[in-house]
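Reviewing the structure listed below.
The values are calculated or read from the model by the stated rules, or taken from the named source; none is laboratory data. Note that the structure is a prediction, hence the values are computed from the model and not measured. Counting neighbours? That spans all protein chains shown, and the Cβs are built from the backbone with ideal geometry, glycine included. In case anyone asks, the SASA skips ligands and DNA or RNA and just uses the protein heavy atoms, side chains included. Shrake-Rupley method; radii C 1.70, N 1.55, O 1.52, S 1.80 Å.
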Amino acid sequence: MTRPSGGRLAGTIALVTGASQGLGRAVALAYAGEGADLVLVARRPGPLEQVRAEAEALGARAVAVAADVGDPADIERVAAAALTAFQRVDVLVNNASELGPTPMPYLLDTDPDALRRVLDVNLLGPFLLTRALLGPMLAAGRGSVVNVSSDAGVVGYPGWGAYGVSKAALDQMTRIWASELDGSGVRVNAVDPGDMATAMHAAALPDDDPASLARPEDRTEVFVRLAAGDGTSGQRLEAAGFAADAPSKA
(Lines give C-alpha, C1' and ligand atoms only; values in the text may rest on other atoms or scores of the structure.)
Protein backbone atom coordinates (compact mmCIF):
# COMPACT_ATOMS: atom_id res chain seq x y z
CA MET A 1 0.00 0.00 0.00
CA THR A 2 1.24 3.49 -0.83
CA ARG A 3 0.49 6.10 1.80
CA PRO A 4 -0.75 9.54 0.90
CA SER A 5 1.94 12.19 1.32
CA GLY A 6 1.75 14.84 3.99
CA GLY A 7 1.67 12.80 7.19
CA ARG A 8 3.12 14.57 10.20
CA LEU A 9 5.87 11.93 10.45
CA ALA A 10 6.67 11.46 6.76
CA GLY A 11 10.32 10.48 6.39
CA THR A 12 10.69 9.63 10.08
CA ILE A 13 12.19 6.39 11.40
CA ALA A 14 10.73 5.39 14.77
CA LEU A 15 11.65 2.54 17.11
CA VAL A 16 8.98 1.45 19.60
CA THR A 17 9.61 -1.09 22.34
CA GLY A 18 6.81 -3.17 23.81
CA ALA A 19 5.17 -2.85 20.40
CA SER A 20 3.26 -6.13 20.33
CA GLN A 21 0.27 -4.99 22.38
CA GLY A 22 -1.33 -2.19 24.37
CA LEU A 23 0.13 1.29 24.18
CA GLY A 24 3.19 0.22 22.18
CA ARG A 25 1.04 -1.24 19.42
CA ALA A 26 -1.22 1.82 19.42
CA VAL A 27 1.71 4.24 19.18
CA ALA A 28 3.38 2.23 16.43
CA LEU A 29 0.22 2.17 14.32
CA ALA A 30 -0.41 5.87 14.95
CA TYR A 31 3.12 6.56 13.73
CA ALA A 32 2.60 4.38 10.67
CA GLY A 33 -0.59 6.23 9.85
CA GLU A 34 1.30 9.54 10.02
CA GLY A 35 3.98 8.40 7.57
CA ALA A 36 6.73 6.94 9.78
CA ASP A 37 8.68 3.78 9.08
CA LEU A 38 9.14 1.51 12.06
CA VAL A 39 11.37 -0.75 14.06
CA LEU A 40 9.07 -2.81 16.29
CA VAL A 41 10.47 -4.51 19.38
CA ALA A 42 8.82 -6.94 21.80
CA ARG A 43 9.52 -10.33 23.34
CA ARG A 44 6.80 -12.38 21.62
CA PRO A 45 7.43 -12.93 17.89
CA GLY A 46 3.87 -13.93 16.95
CA PRO A 47 2.01 -10.82 18.16
CA LEU A 48 4.90 -8.64 17.02
CA GLU A 49 4.60 -9.97 13.47
CA GLN A 50 0.88 -9.19 13.55
CA VAL A 51 1.62 -5.57 14.38
CA ARG A 52 4.26 -5.45 11.65
CA ALA A 53 1.64 -6.63 9.15
CA GLU A 54 -0.82 -4.00 10.40
CA ALA A 55 1.81 -1.28 10.02
CA GLU A 56 2.69 -2.41 6.52
CA ALA A 57 -1.00 -2.39 5.61
CA LEU A 58 -0.92 1.32 6.50
CA GLY A 59 1.96 1.80 4.06
CA ALA A 60 4.88 1.72 6.49
CA ARG A 61 8.15 -0.07 6.04
CA ALA A 62 8.43 -2.07 9.25
CA VAL A 63 11.08 -4.31 10.79
CA ALA A 64 10.15 -6.59 13.69
CA VAL A 65 12.84 -7.56 16.20
CA ALA A 66 11.89 -10.09 18.87
CA ALA A 67 13.98 -9.10 21.87
CA ASP A 68 13.97 -8.57 25.63
CA VAL A 69 14.96 -5.00 26.51
CA GLY A 70 15.97 -6.24 29.95
CA ASP A 71 18.85 -8.15 28.32
CA PRO A 72 21.87 -5.97 27.39
CA ALA A 73 22.85 -8.39 24.61
CA ASP A 74 19.40 -8.03 23.09
CA ILE A 75 19.69 -4.23 23.26
CA GLU A 76 22.84 -4.42 21.14
CA ARG A 77 21.04 -6.65 18.66
CA VAL A 78 18.05 -4.30 18.45
CA ALA A 79 20.24 -1.27 17.83
CA ALA A 80 22.23 -3.10 15.17
CA ALA A 81 19.08 -4.30 13.41
CA ALA A 82 17.60 -0.79 13.40
CA LEU A 83 20.71 0.86 12.03
CA THR A 84 21.20 -1.89 9.46
CA ALA A 85 17.63 -1.52 8.20
CA PHE A 86 17.35 2.28 8.18
CA GLN A 87 20.83 3.69 9.01
CA ARG A 88 19.31 5.86 11.72
CA VAL A 89 16.49 6.16 14.26
CA ASP A 90 14.85 9.58 14.57
CA VAL A 91 12.37 8.72 17.34
CA LEU A 92 12.81 6.23 20.17
CA VAL A 93 9.83 5.30 22.34
CA ASN A 94 10.92 3.41 25.45
CA ASN A 95 7.56 1.83 26.20
CA ALA A 96 8.32 -1.75 27.26
CA SER A 97 7.67 -2.21 30.97
CA GLU A 98 7.83 -4.91 33.60
CA LEU A 99 5.23 -4.74 36.39
CA GLY A 100 6.83 -7.29 38.68
CA PRO A 101 5.13 -10.03 40.71
CA THR A 102 1.35 -10.04 41.02
CA PRO A 103 -0.41 -9.65 43.36
CA MET A 104 2.07 -6.82 43.91
CA PRO A 105 3.92 -7.16 47.23
CA TYR A 106 4.99 -4.44 49.62
CA LEU A 107 8.65 -3.50 49.36
CA LEU A 108 9.38 -5.43 52.56
CA ASP A 109 8.24 -8.62 50.82
CA THR A 110 9.72 -7.88 47.39
CA ASP A 111 12.22 -10.44 46.18
CA PRO A 112 15.50 -8.73 45.20
CA ASP A 113 15.63 -10.65 41.93
CA ALA A 114 12.14 -9.42 41.06
CA LEU A 115 13.19 -5.83 41.79
CA ARG A 116 16.29 -6.30 39.67
CA ARG A 117 14.22 -7.57 36.74
CA VAL A 118 11.87 -4.57 36.93
CA LEU A 119 14.82 -2.17 36.98
CA ASP A 120 16.52 -4.01 34.12
CA VAL A 121 13.49 -3.57 31.84
CA ASN A 122 12.12 -0.22 32.99
CA LEU A 123 15.33 1.70 33.63
CA LEU A 124 18.51 0.03 32.41
CA GLY A 125 16.93 -1.03 29.10
CA PRO A 126 15.87 2.53 28.17
CA PHE A 127 19.29 3.82 29.24
CA LEU A 128 21.18 1.32 27.10
CA LEU A 129 18.93 1.66 24.06
CA THR A 130 18.99 5.45 24.20
CA ARG A 131 22.76 5.45 24.48
CA ALA A 132 23.09 2.99 21.59
CA LEU A 133 20.94 5.10 19.24
CA LEU A 134 22.01 8.62 20.18
CA GLY A 135 25.00 8.77 17.82
CA PRO A 136 23.07 9.21 14.56
CA MET A 137 20.61 11.58 16.27
CA LEU A 138 23.43 13.80 17.47
CA ALA A 139 25.12 13.67 14.08
CA ALA A 140 21.89 14.79 12.42
CA GLY A 141 21.25 17.45 15.06
CA ARG A 142 17.72 16.23 15.70
CA GLY A 143 15.83 13.42 17.37
CA SER A 144 13.23 12.59 19.99
CA VAL A 145 13.38 10.11 22.87
CA VAL A 146 10.10 9.45 24.65
CA ASN A 147 10.11 7.50 27.91
CA VAL A 148 6.78 6.06 29.07
CA SER A 149 6.28 6.87 32.74
CA SER A 150 3.51 6.46 35.29
CA ASP A 151 1.96 8.32 38.20
CA ALA A 152 3.31 5.44 40.29
CA GLY A 153 6.68 7.16 39.84
CA VAL A 154 5.30 10.30 41.50
CA VAL A 155 2.90 8.95 44.15
CA GLY A 156 4.04 6.33 46.66
CA TYR A 157 1.21 3.84 46.19
CA PRO A 158 1.42 0.86 48.59
CA GLY A 159 2.32 -2.30 46.71
CA TRP A 160 3.70 -0.51 43.67
CA GLY A 161 7.22 -0.46 45.07
CA ALA A 162 9.40 -2.00 42.37
CA TYR A 163 7.43 -0.50 39.49
CA GLY A 164 7.13 2.91 41.18
CA VAL A 165 10.83 3.05 41.99
CA SER A 166 11.70 2.23 38.38
CA LYS A 167 9.41 4.91 36.95
CA ALA A 168 10.63 7.57 39.40
CA ALA A 169 14.18 6.77 38.31
CA LEU A 170 13.13 6.87 34.65
CA ASP A 171 11.65 10.34 35.15
CA GLN A 172 14.87 11.58 36.70
CA MET A 173 16.96 9.97 33.96
CA THR A 174 14.76 11.79 31.44
CA ARG A 175 15.54 15.13 33.09
CA ILE A 176 19.27 14.42 33.17
CA TRP A 177 19.41 13.28 29.53
CA ALA A 178 17.44 16.41 28.54
CA SER A 179 19.82 18.66 30.46
CA GLU A 180 22.94 17.01 29.09
CA LEU A 181 21.63 17.09 25.51
CA ASP A 182 20.41 20.69 25.69
CA GLY A 183 21.29 22.50 22.47
CA SER A 184 22.02 19.31 20.54
CA GLY A 185 18.65 19.15 18.77
CA VAL A 186 17.81 15.86 20.50
CA ARG A 187 14.82 16.13 22.84
CA VAL A 188 14.08 13.75 25.72
CA ASN A 189 10.65 13.67 27.36
CA ALA A 190 8.54 11.46 29.59
CA VAL A 191 4.84 10.70 29.04
CA ASP A 192 2.42 9.39 31.64
CA PRO A 193 -0.32 7.71 29.59
CA GLY A 194 -2.67 7.34 32.57
CA ASP A 195 -4.97 4.42 33.27
CA MET A 196 -5.76 2.35 30.17
CA ALA A 197 -7.45 -0.92 29.35
CA THR A 198 -4.28 -2.99 28.94
CA ALA A 199 -3.05 -6.38 30.05
CA MET A 200 -0.68 -4.72 32.53
CA HIS A 201 -3.47 -2.71 34.12
CA ALA A 202 -5.59 -5.87 34.40
CA ALA A 203 -2.72 -7.69 36.10
CA ALA A 204 -2.15 -4.83 38.54
CA LEU A 205 -5.78 -3.95 39.27
CA PRO A 206 -7.93 -6.93 38.28
CA ASP A 207 -11.09 -5.51 39.87
CA ASP A 208 -11.16 -2.45 37.58
CA ASP A 209 -13.78 -2.44 34.82
CA PRO A 210 -11.98 -2.23 31.46
CA ALA A 211 -14.99 -0.38 30.02
CA SER A 212 -14.28 2.50 32.42
CA LEU A 213 -10.71 2.92 31.18
CA ALA A 214 -9.26 4.75 28.21
CA ARG A 215 -8.19 2.77 25.16
CA PRO A 216 -4.48 2.94 24.30
CA GLU A 217 -5.49 4.35 20.90
CA ASP A 218 -6.93 7.37 22.71
CA ARG A 219 -3.56 8.24 24.23
CA THR A 220 -1.29 8.36 21.18
CA GLU A 221 -1.59 12.01 20.14
CA VAL A 222 1.09 13.29 22.51
CA PHE A 223 3.50 10.67 21.15
CA VAL A 224 2.84 11.82 17.59
CA ARG A 225 3.40 15.46 18.50
CA LEU A 226 6.64 14.74 20.33
CA ALA A 227 7.86 12.68 17.38
CA ALA A 228 6.94 15.52 15.03
CA GLY A 229 9.07 17.99 16.97
CA ASP A 230 6.58 19.67 19.30
CA GLY A 231 7.43 20.28 22.91
CA THR A 232 10.33 21.30 25.10
CA SER A 233 12.92 18.74 26.11
CA GLY A 234 12.71 17.56 29.69
CA GLN A 235 8.95 17.82 30.06
CA ARG A 236 6.86 15.19 31.80
CA LEU A 237 3.55 15.12 29.94
CA GLU A 238 0.21 13.50 30.70
CA ALA A 239 -1.24 11.85 27.61
CA ALA A 240 -4.83 12.34 28.78
CA GLY A 241 -4.45 16.08 28.18
CA PHE A 242 -3.95 15.63 24.46
CA ALA A 243 -6.48 14.93 21.74
CA ALA A 244 -6.00 14.70 18.00
CA ASP A 245 -8.29 17.65 17.37
CA ALA A 246 -7.04 19.85 20.22
CA PRO A 247 -4.45 22.64 20.02
CA SER A 248 -0.92 21.49 20.81
CA LYS A 249 -0.07 21.55 24.51
CA ALA A 250 3.43 20.18 24.08
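For the options Asp207, Asp230, Asp151, a Gaussian network treatment of the chain with springs between C-alpha atoms closer than 10 Å singles out Asp207 as fluctuating the most. The order of Trp177, Trp160 by accessible area, most exposed first and with a 1.4 Å probe, is Trp160, Trp177. Near Arg43, the amide H atoms lying under 5 Å from its own belong to Ala67; only residues 5 or more places off or on other chains count, and H is placed 1.01 Å from N.
Accessible surface for Glu54 stands near 70 Å², nearest 10, in the context of the full protein assembly shown (1.4 Å probe).
Over the residues of the chain, the helix contribution to mean residue ellipticity at 222 nm works out to -12000 deg cm²/dmol, using -39500 (n - 2.57) for each DSSP H run of at least 4. Residues considered: Ile13, Ile75, Ile176. Largest GNM mean-square fluctuation over the chain, using C-alpha springs under 10 Å, is found at Ile176.
Label positions at Ala80 and Glu217, each projected 7 Å from the Cα along the C-beta direction, are separated by 3.8 nm.
Hey, could you get me the Stokes-Einstein D for the chain, Kirkwood radius over alpha-carbon pairs, 20 °C and 1.002 mPa s, rounded to whole µm² s⁻¹? Translational diffusion coefficient: 119 µm²/s.
In this calculation the C-beta distance from Ala57 to Ala240 is compared with R0 = 35 Å, giving a FRET efficiency of 0.80. Neighbours of Gly229, meaning other residues whose beta-carbon lies under 13 angstrom from its beta-carbon, give a summed charge of +1 when Lys and Arg score +1 and Asp and Glu score -1. Loop-located trypsin sites (Lys or Arg not before Pro) across the range 5-110 with a Cβ neighbour count of 11 or fewer within 10 Å are lacking, with loop assigned by DSSP.
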